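Here the structure comes first, spelled out in structure tokens, and everything after it is commentary.
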Amino acid sequence: MLQDNSGRLQALLDREELFDLVRRERFARDQRRFDVMSACFHRNAYIRTSWYDGRGGEAYVEATRRWMSATGNSKHWVFPAFAQVAGDRATVESPAMIFNRASPNGVEVDLHVFCRFFSRAVRETGIWKIMSFEVLFERDVLKPVNPSQALPIDWTLLSTMRPSYKFLAYIQHTRGVKVNPDLLGDDRPDQLAEFHAGEELWLAGKD
């Protein structure tokens, strides 16, 4: 008797399409392919990052275009690792790194943010679209490009910022951006567990 593998094949296709979707969105963003980036998002997507919190995929893409013109071009590495699919709903969690170069007080620094990207996705007319985008922060590192220079840091101010994204928050502060102190991060495991529980309910259609 031949085994029916149609279910397994569909699961594999869904996983690969979802992984491709989240990689493609960040790649398009980094390369300023805003048309490709826009096509990845659902029209009602919710996005929250260190500098943006709002709904509407196209609104986020346009805000990103303006942000990158003002602050330069950070880069992202994305490694999709865990997808869950329930009918036409899915969630994807991806280990990731964010790279950014800045010049606070005239000193060139490199910022590396270790995090995970978490997205809801929905399938409409057979195509997966990103329905949400959240960053789950782990830790970050700030180093001077010239190792002989000291970091231009107000250490007292830095001590008031969240451990999981303190250098990112500091750099955004130098740009005039106040970062939400209650973003998701590994330093608040109870908050993170509550978030994941809510995502499981959404995936099960119980939202």
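For the stretch 169-207, how many residues are of a type in the set (S, T, N, Q), assigned to a loop (DSSP other than H, G, I, E, B) and modelled with pLDDT under 95? Residues meeting the conditions: 0. If you check ASN100, ASN105 for being outside any strand (DSSP E or B) and either more than 26 Å from GLY176 (Cα to Cα) or of a type in the set (S, T, N, Q) (or both), only one passes: ASN105.
Condition check ((1) in a loop (DSSP other than H, G, I, E, B); (2) closer than 26 Å to GLU199 by Cβ; (3) at pLDDT below 95; (4) among the aliphatic types (A, V, I, L, M)) across all residues:
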residue	(1), (2), (3), (4)
LEU12	no, yes, yes, yes
LEU18	no, yes, no, yes
LEU21	no, yes, no, yes
ARG26	no, yes, no, no
MET37	no, yes, no, yes
HIS42	no, yes, no, no
ALA63	no, yes, no, yes
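If you go through the stretch 27-42 and keep only what is on the phi < 0 side of the Ramachandran plot and among the basic types (Lys, Arg), you end up with ARG29, ARG33. Consider only pairs whose beta carbons are under 9 Å apart and that are at least six residues apart or on different chains; among these, list those whose first residue lies in the stretch 134-146 and is within 12 Å of ALA102 (Cβ to Cβ) and touching a residue at least 12 places away in the same chain (Cβ under 8 Å) and whose second residue is basic (Lys, Arg) and outside any loop (DSSP other than H, G, I, E, B). Sorted first by the residue in the stretch 134-146, then by its partner, the pairs are LEU142/LYS166; VAL145/ARG101. Note on the stretch 84-102: residues that are within 18 Å of the chain's Cα centre (by Cα), over 19 Å from HIS42 (Cα atoms) and aliphatic (A, V, I, L, M) total 3. Looking at this structure, is ARG55 in contact with a strand residue (DSSP E or B) (Cβ under 7 Å, 6 or more places away or on another chain) and surrounded by fewer than 15 Cβ atoms within 10 Å (Cβ to Cβ)? So ARG55 fits the description; yes.
Taking the stretch 167-191 as the range and being surrounded by 17 or more Cβ atoms within 10 Å (Cβ to Cβ) and of a type in the set (Lys, Arg) as the test, only ARG188 passes.
Residues that are within 23 Å of SER50 (Cα to Cα) and not aromatic (Phe, Trp, Tyr) within the stretch 146-156 comprise LEU151, PRO152, ILE153, ASP154, THR156, listed in sequence order.
Residues are listed down the side, and each one gets a yes or a no for (1) closer than 13 Å to PHE133 by Cα; (2) surrounded by 15 or more Cβ atoms within 10 Å (Cβ to Cβ); (3) of a type outside the set (Val, Ile, Thr):
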{"residue": "ALA39", "(1), (2), (3)": "no, yes, yes"}
{"residue": "THR64", "(1), (2), (3)": "no, yes, no"}
{"residue": "MET68", "(1), (2), (3)": "no, yes, yes"}
{"residue": "GLY72", "(1), (2), (3)": "no, no, yes"}
{"residue": "ALA81", "(1), (2), (3)": "no, no, yes"}
{"residue": "ALA86", "(1), (2), (3)": "no, no, yes"}
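Each residue in the stretch 44-59 was checked for being assigned to a strand (DSSP E or B) and in contact with a helix residue (DSSP H, G or I) (Cβ under 8 Å, 6 or more places away or on another chain), and 4 pass. The conditions of being out of contact with any helix residue (DSSP H, G or I) (no Cβ under 6 Å at 6 or more places or on another chain), in a loop (DSSP other than H, G, I, E, B) and of a type outside the set (A, V, I, L, M, F, W, C) are met by THR160. Screening the candidates THR71, THR91 for the property of being at pLDDT 95 or above and of a type in the set (Ser, Thr, Tyr) yields one hit, THR91.
The values are calculated or read from the model by the stated rules, or taken from the named source; none is laboratory data. All values reported here derive from a predicted model rather than from experimental measurement. All Cβ positions, even for glycine, are placed from backbone atoms using ideal geometry, and neighbour counts span all protein chains on display.
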